[in-house]
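Undergrad: Starting off with a structure, shown below.
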Amino acid sequence: MDAEGLALLLPPVTLAALVDSWLREDCPGLNYAALAVRAARQAADFALKVEVECSSLQEAVQAAEAGADLVLLDNFKPEELHPTATVLKAQFPSVAVEASGGITLDNLPQFCGPHIDVISMGMLTQAAPALDFSLKLFAKEAAPVPKIHWS
């Protein structure tokens, strides 16, 4: 089977992962942040805020240099987060810094700091209890009379 035939068999997510791996291996100097920010700016209007998720200081600096409005420092431990945010804010004071990943209500104070502008906690939505409800629509003349049940 040729490469084109293989591409037709693979789901888009797998293809994207393969391309990403190839690019990282064969083009290590490629600035992904600059490409992503440029594409986002071209695709949207001037009011768009561009946020780039980064896993290192180098990626964060590249994102800020590329013109990102927000830099999300993802899965940084507090001892890595604060020095990275300090360096980033020193070079790019107008770039907002967001901390995310592994943050809970118990360890939240460790992530707060003078160079952290936003803290995201996925556990607020991931740990929320489910609510089961339904919405029933009736024709105007067939609408039931609401009944109130007091407990």
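Undergrad: Of the conditions (1) within 13 Å of the chain's Cα centre (by Cα); (2) surrounded by fewer than 16 Cβ atoms within 10 Å (Cβ to Cβ); (3) modelled with pLDDT of 90 or more, residue 122 fails just one. Which one is it?
TA: The single condition residue 122 does not satisfy is (3).
Undergrad: What about residue 85, is it within 23 Å of residue 32 (Cα to Cα), in contact with a Gly (Cβ under 7 Å, 6 or more places away or on another chain), modelled with pLDDT of 80 or more and not in a loop (DSSP other than H, G, I, E, B)?
TA: yes
Undergrad: Restricting attention to segment 88-102, which residues are hydrophobic (A, V, I, L, M, F, W, C), surrounded by 12 or more Cβ atoms within 10 Å (Cβ to Cβ) and outside any loop (DSSP other than H, G, I, E, B)?
TA: 88, 96, 97, 99
Undergrad: Also, quick follow-up: From the set of residues in segment 129-151 that are of a type in the set (Gly, Ala, Ser) and at pLDDT below 75, which is surrounded by the fewest Cβ atoms within 10 Å (Cβ to Cβ)?
TA: Selected residue: 151.
Undergrad: Just to verify a result, which residue in segment 45-58, among those that are closer than 18 Å to residue 119 by Cα and charged (D, E, K, R), is surrounded by the most Cβ atoms within 10 Å (Cβ to Cβ)?
TA: 53
Undergrad: Scan segment 44-53 and tell me whether some residue there is part of a helix (DSSP H, G or I), within 17 Å of the chain's Cα centre (by Cα) and either modelled with pLDDT of 90 or more or among the aliphatic types (A, V, I, L, M) (or both).
TA: No, because not a single residue in segment 44-53 is part of a helix (DSSP H, G or I), within 17 Å of the chain's Cα centre (by Cα) and either modelled with pLDDT of 90 or more or among the aliphatic types (A, V, I, L, M) (or both).
Undergrad: Let me ask something additional. Output the residue which, of all residues in segment 59-82 that are open to solvent by 70 Å² or more (accessible area, probe 1.4 Å) and under 26 Å from residue 107 (Cα atoms), is nearest to the chain's Cα centre (by Cα).
TA: 75
Undergrad: Being part of a helix (DSSP H, G or I), farther than 30 Å from residue 37 by Cα and not β-branched (Val, Ile, Thr), is that true of even one residue in segment 131-141?
TA: Yes, because at least one residue in segment 131-141 is part of a helix (DSSP H, G or I), farther than 30 Å from residue 37 by Cα and not β-branched (Val, Ile, Thr).
Undergrad: Hey, another quick one. Could you run through segment 103-114 and say how many residues are open to solvent by 60 Å² or more (accessible area, probe 1.4 Å) and either within 24 Å of residue 49 (Cα to Cα) or of a type in the set (Gly, Ala, Ser) (or both)?
TA: 2
The values are calculated or read from the model by the stated rules, or taken from the named source; none is laboratory data. Just so it is clear, the structure is predicted and the values come from calculations on it, not from any experiment. Using ideal geometry, Cβ is built from the backbone for each residue, glycine included, and neighbour counts are taken over all protein chains shown. For the accessible areas, the whole protein counts, side chains as well, though only heavy atoms, and no ligand, DNA or RNA atoms are used. Shrake-Rupley method; radii C 1.70, N 1.55, O 1.52, S 1.80 Å.
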